[in-house]
1. How high is the FRET efficiency between ALA30 and ALA187 when r is their beta carbon distance and R₀ equals 25 Å, given to the nearest 0.05?
2. Between (i) 1.05; (ii) 1.21; (iii) 0.98, which matches Cα Rg over 2.2 N^0.38 Å calculated for the structure shown?
3. Find how much the distance from ALA178 to ASP156 grows on full extension, using 0.36 nm per residue of separation minus their present alpha carbon separation; answer in nm with one decimal.
4. Normalising by the residue count of the chain, find the relative contact order in percent from Cα pairs under 8 Å and 6+ residues apart.
5. Subtracting the Cα-Cα distance from 0.36 nm times the residue separation, let me have the gained length for ALA2 to ALA89 in nm, one decimal.
6. With the crude spin-label approximation of a point 7 Å out along Cα→Cβ, what separation in nm comes out for ILE67 versus ARG136?
7. Could you compute how fast region 123-187 diffuses translationally, taking Rh as the Kirkwood radius over C-alpha pairs and applying Stokes-Einstein at 25 °C with viscosity 0.890 mPa s? Give it in µm² per second.
8. Arranged by the count of other C-beta atoms within 10 angstrom, fewest first, what order do VAL159, VAL11 take?
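Each value in this text was obtained by applying a stated rule to the coordinates, not by laboratory testing. Computed from a predicted model, the values in this text were never measured in an experiment. All Cβ positions, glycine included, derive from the backbone under ideal geometry; neighbour counts span all protein chains shown.
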Amino acid sequence: MAPMALLIMDVQQGIVERFASDDGYLDRLATATAAARGAGVAVIYVTVAFRPGYPEVSERNKSFSAIAGTGRFTDGDPGMQIPAAIAPAPGEVTVTKRRVSAFTGSDLEVVLRARGISHLVLAGIATSGVVLSTLRQAADLDYQLTVLADGCLDADPDVHQILLGTVFPRQAEVTTIADWAARLHAAPAGADDH
């Protein structure tokens with residue numbers, strides 16, 4: 001199996017609570033993290049956070065300028081926490097980013113290089129945000145990519161479906177958590193997982 005990491009991106013209380021109608025989401029992610037850990041696949045968490053006063057946020061940044069000054073996603077904000085149902089296990093890395101992509105403003109690429117990881121499995125909120133931006137950048141960096149369709153959520157169901165059904169398959173395998181977990185369990189040591 002190619003050195004692989006499962007990236008759980010932007011799954012933080014302040015983001016998850018916006019998707020309360022999908023009450024099975026954290027359970028699905030817990031299945032993915034358990035499968036990864038059981039197969040020896042690295043689980044890496046990516047969170048969005050800012051310093052007090054938001055010095056990283058430009059007023060020209062339409063995505064983040066609206067939260068500047070609100071106290072959201074800074075130290076002490078309970079909305080920054082990763083939900084307990086999928087909390088990092090001891091020794092698992094949490095990477096902090098300052099923009100939409102998991103790579104921008106973070107040390108993710110350094111962590112991946114240090115571990116020799118060449119295959120990324122993506123899950124997170126939102127499909128049209130962190131998942132899309134990270135997929136595009138990771139593809140340009142020549143990572144092998146898998147997207148866990150039911151490990152992604154988006155506020156716009158139509159955009160979510162277009163990305164998963166049409167856009168992402170051009171650069172990644174799109175599969176379900178159950179199918180990915182079953183393949184991990186069945187893969188013999190040294191096999192390349194797609």
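1. Taking R0 as 25 Å, the efficiency between ALA30 and ALA187 is 0.75.
2. Computing Cα Rg over 2.2 N^0.38 Å and matching it to (i) 1.05; (ii) 1.21; (iii) 0.98 gives (iii).
3. 5.6 nm
4. 28 percent
5. 29.1 nm
6. Going from the ILE67 label point to the ARG136 one covers 1.9 nm.
7. 205 µm²/s
8. VAL159, VAL11
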